[in-house]
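Some notes on the structure that comes next.
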Amino acid sequence: MPIFTAPRFSIERPFGRESDFVRRVRAVWISDVHLGTRGANAGALLDFLREYEFETLYVVGDLIDIWQLRRGIYWPQQHNDVIQKILRKSRKGTRTVYIPGNHDDLLAKFYGAYGNITVQKHAIHRLADGRRMLVIHGHELDTVVQNVKWLAFAGDVGYQFLLSLNPAINFVRRRFGLGYWSLSAYAKKRVKDAVSFIGRFEEEIVRYAQKFSVDAVLCGHIHSPAIRQFGAVAYYNCGDWVESCSALIEGEDGVIGIINYHPFSTVCRRQHQPQTCAKVRARNAVSKQGSHYL
């Protein structure tokens, strides 16, 4: 059984910051944006990319959902804006590392360097405090994705259906001044088999990382942002931009924290509704230092 100890991390929620405020950090990790689907919260991600500057950006898989695009084309302007924003940051000097996932595995055919952008299978990141971190998407350790392709596609269809219900549910919740809530995330956390899968997945990721003699491992894939310690290896998951709208950031001191950009808070910043925003922020900001899932 793994031994859990408290890792070094912080939790910040940059709600209500001025649009011209830019915070500089050492590195950023995002994954599972799923551009090309109606569930992608591209607006929230754009706000995050505008408000943060970083030396290195890791795109940890599934930026574009090629699986969904094969079923039908959905590509609004905001999805294009996300791609352009990442390219613009790269042109201005940000080192960008793209690690393909299972939904954008087509890009695995293009490993190599393209200016400040590199496409590679995995990466080793050196934290400011000297620790070595393995960065992978995580589907490599998902036995369903690797061995039962049809089941993975069927599961994705069901997941997309749950996501399609989120806008209607949250439209009603917003009318009552309630915060963002995801039916798909709730179902995933409450179903016993899903919870068991997440636990096994995290343990397998850590076991896999030990082959690389690293101090930490970071992945995405399961849409569950987390910071945990398994024995001598720290486990990080940067979440997604479909449900949690989360990213991981590394400060100049090497401390890694989870950032949340919930869609309702994005709406607040744009529409300038201070009273409604205050209620939403208050609910979203309720968390305890040391929480694993946000």
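Brief remarks follow.
- Residues located in region 84-108, provided they are part of a helix (DSSP H, G or I), in contact (Cβ under 8 Å) with a residue 40 or more places away in the chain and open to solvent by less than 40 Å² (accessible area, probe 1.4 Å): LYS89
- Of the residues GLY179, GLY199, the single one that is over 17 Å from ASP62 (Cβ atoms), modelled with pLDDT under 75 and buried (at least 17 other Cβ atoms within 10 Å of the Cβ) is GLY179.
- Residues of region 58-83 that turn out to be in a helix (DSSP H, G or I) and modelled with pLDDT of 95 or more, as a count: 7
- Flag for HIS125 being touching a residue at least 40 places away in the same chain (Cβ under 8 Å), under 19 Å from ASP240 (Cα atoms) and open to solvent by less than 40 Å² (accessible area, probe 1.4 Å): no
- When GLY93 is tested against (1) on the phi > 0 side of the Ramachandran plot; (2) modelled with pLDDT under 95, only condition (2) is not met.
The values are calculated or read from the model by the stated rules, or taken from the named source; none is laboratory data. Fair warning: this is a prediction, and the values are worked out from it, not measured in the lab. For neighbour counting, all protein chains shown are included, and Cβ atoms are generated from backbone atoms with ideal geometry for every residue, glycine included. Areas reflect the complete protein model, heavy atoms only, side chains present, ligands, DNA and RNA absent. Shrake-Rupley method; radii C 1.70, N 1.55, O 1.52, S 1.80 Å.
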